[in-house]
Structures are given as structure tokens and as C-alpha cells.
1. May I ask you to list pairs of residues, at least six apart or on different chains, whose Cβ atoms are under 6 Å apart, with the first in segment 194-205 being among the hydroxyl-bearing types (Ser, Thr, Tyr) and the second being modelled with pLDDT of 95 or more?
2. Tell me whether segment 113-132 contains one or more residues that are of a type in the set (Phe, Trp, Tyr) and open to solvent by 30 Å² or more (accessible area, probe 1.4 Å).
3. Here are the criteria: (1) at pLDDT 90 or above; (2) surrounded by 13 or more Cβ atoms within 10 Å (Cβ to Cβ); (3) not in a loop (DSSP other than H, G, I, E, B). Tell me which single one ASN86 does not satisfy.
4. Need the failing condition index for ILE18 against (1) β-branched (Val, Ile, Thr); (2) in contact with a strand residue (DSSP E or B) (Cβ under 7 Å, 6 or more places away or on another chain); (3) at pLDDT 90 or above; (4) assigned to a loop (DSSP other than H, G, I, E, B), just the number.
5. With the structure loaded, tell me whether ILE57 is part of a strand (DSSP E or B), within 19 Å of ALA200 (Cβ to Cβ) and modelled with pLDDT under 95 or whether it fails that test.
6. Note down all Cβ pairs under 6 Å where the first residue falls in segment 104-121 and is in a loop (DSSP other than H, G, I, E, B), the second is at pLDDT 90 or above and aromatic (Phe, Trp, Tyr), and they're at least six residues apart or on different chains.
7. Mind checking which residues of segment 106-152 are farther than 20 Å from ILE60 by Cβ and either in contact with a Pro (Cβ under 7 Å, 6 or more places away or on another chain) or among the acidic types (Asp, Glu) (or both)?
8. Suppose we filter segment 178-197 for residues that are assigned to a loop (DSSP other than H, G, I, E, B) and among the aliphatic types (A, V, I, L, M); how many remain?
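The values are calculated or read from the model by the stated rules, or taken from the named source; none is laboratory data. Please read all numbers here as calculations on a predicted model, not as lab measurements. Quick reminder, even Gly has a Cβ in these numbers, built from the backbone with ideal geometry, and neighbours come from all protein chains shown. The area values use the complete protein model at the heavy-atom level, side chains included, leaving out ligands, DNA and RNA. Shrake-Rupley method; radii C 1.70, N 1.55, O 1.52, S 1.80 Å.
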Amino acid sequence: MAIKQIYPTNIYQKQLDISEEKLQAVESFLRAQHLSFLSNVDMDHAEYQDGNENIVIDAIIEGQCPEMTELINEVKKGFIALAYSNIDTLTESNTDSMVLDVELDSCKINLMKNGFRLGAHTHYSDDAFACIYFNDVEEDEGGELVLYDPRWQRNYYFGGSKLEKVKSKRGMMVIAPQYLWHEVTHYHGNEERLTLVVNAQVVNKGDELRNKRTLHTV
């Protein structure tokens, strides 16, 4: 074989199996946090209203909303599934001993108003990021998640180009590795575009579990 493909990139995309009632409960919980943030007079809100970037604030995800707990568990499963999909192509001898788990770094409430956008960036301090959408955005409203070819210095005519565009659809989740450059195009819808963005590290618990078994069997 003279030509072989290298550097493939997997993403995880799924329409979540969650009822509309539960999804609405999560959305209400997130929007209540946003309203609380805006009503806090001790906070400087200027940086969240610059007309270019999203409104991004930290989300409370534990202890107050059972539906949120259920959703986050689904997100964790998605991170792990994506990580295992990458391991499937490895040839290292220790991959059969990996037991992967996920540790969340942050959860962000991401609100886009009409005319807002988010420039190209990566999540360099994490392993992967997830986006969970709460709006159905029409074709002419923009607000697309654009995932770029990781071969960042590609030549369009020789190396080729691959752009993956994802429209916001209520109840859909997209997970991608942190190194994948991505942006959100200008949003022209009238309803605030709500996204929950979750950043995570994937860790191998295999050695820890084996050590525990050894302690109990010696």
C-alpha cells in the first residue's frame, strides 16, 4: 500500500436519550443561574457584553437538580466512549489493561445573543470538551459549531481541507478532543442560544484498581 491515512480524529455526536420534561428542568436550572449572575451587583458584567463573545459563566451541576446529575452522567459516558475509540487503533501492549474514567474540570453556561460569535480556539488544558445544546437553530440563523481539520497548516489545494459544521439541535451532545480548533459562527437568532460546555480529563484507573485487588488477595 503506497498511501495510508494518518492522524484521524474522532468526535462523539449523539442525540441524548432524555425526556423533554427532564431537558426543560435542566434548562430552567441553568437559566436561573444566569439570572442570578446578572442580578449580582457585586459582579462586573462588562466583559460579558462586548458583542463579540458568548456570555460564559460557571455552572452549578451538583446537589440541586437531579435531572442535571443524570445529564452529567451521560456526558461522562460520552467522554469515555470517545477515549476508548481512540485506544482501539493503538498498538501499545498495555492498552488492554486500561480502565478509563473521567474527571470534570469545569462546566460553563454559554449564552449567545443575536450578533454574538466565538472565535477559533482550543481547550488546551483539558483532554476533551463537550457541548450540550438547548436550542433548535434554523439554517439562516448561524450559530454553527465549526470543527477544523487538526492539520492546522494545511494547504487547501494539496493537503485538502475538512470542516465539520454542527447545527445547534435541542438535546444533542458533541464531544471533541481539546486540540481540535473550533469556533461558533455569528448567531442571528432572536432567542438566546444556550449551550452547556463541559471540560474534562480522561484518566486510567487500571493501575489503581489492580493495586486494590492485590491488597485484598495477598
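1. THR195/CYS131; THR195/TYR133
2. Narrowing segment 113-132 to residues of a type in the set (Phe, Trp, Tyr): 116, 124, 129.
Narrowing further to those that are open to solvent by 30 Å² or more (accessible area, probe 1.4 Å): 124.
Yes, there is a match, as at least one residue in segment 113-132 is of a type in the set (Phe, Trp, Tyr) and open to solvent by 30 Å² or more (accessible area, probe 1.4 Å).
3. (1)
4. (2)
5. Details: part of a strand (DSSP E or B): yes; within 19 Å of ALA200 (Cβ to Cβ): yes; modelled with pLDDT under 95: yes.
Answer is yes for this residue.
6. Pairs that qualify, where the first residue is in a loop (DSSP other than H, G, I, E, B) and the partner is at pLDDT 90 or above and aromatic (Phe, Trp, Tyr), are PHE116/TYR187.
7. Filtering segment 106-152 for residues farther than 20 Å from ILE60 by Cβ gives 112-125, 127-128, 135-152.
Matches in segment 106-152: ASP127, ALA128, ASP136, GLU138, GLU139, ASP140, GLU141, GLU144, ASP149.
8. Applying the first criterion (assigned to a loop (DSSP other than H, G, I, E, B)) to segment 178-197 yields 178-181, 185-186, 188-192.
Cutting the leftovers down to among the aliphatic types (A, V, I, L, M) gives us 180.
Result for segment 178-197: 1.
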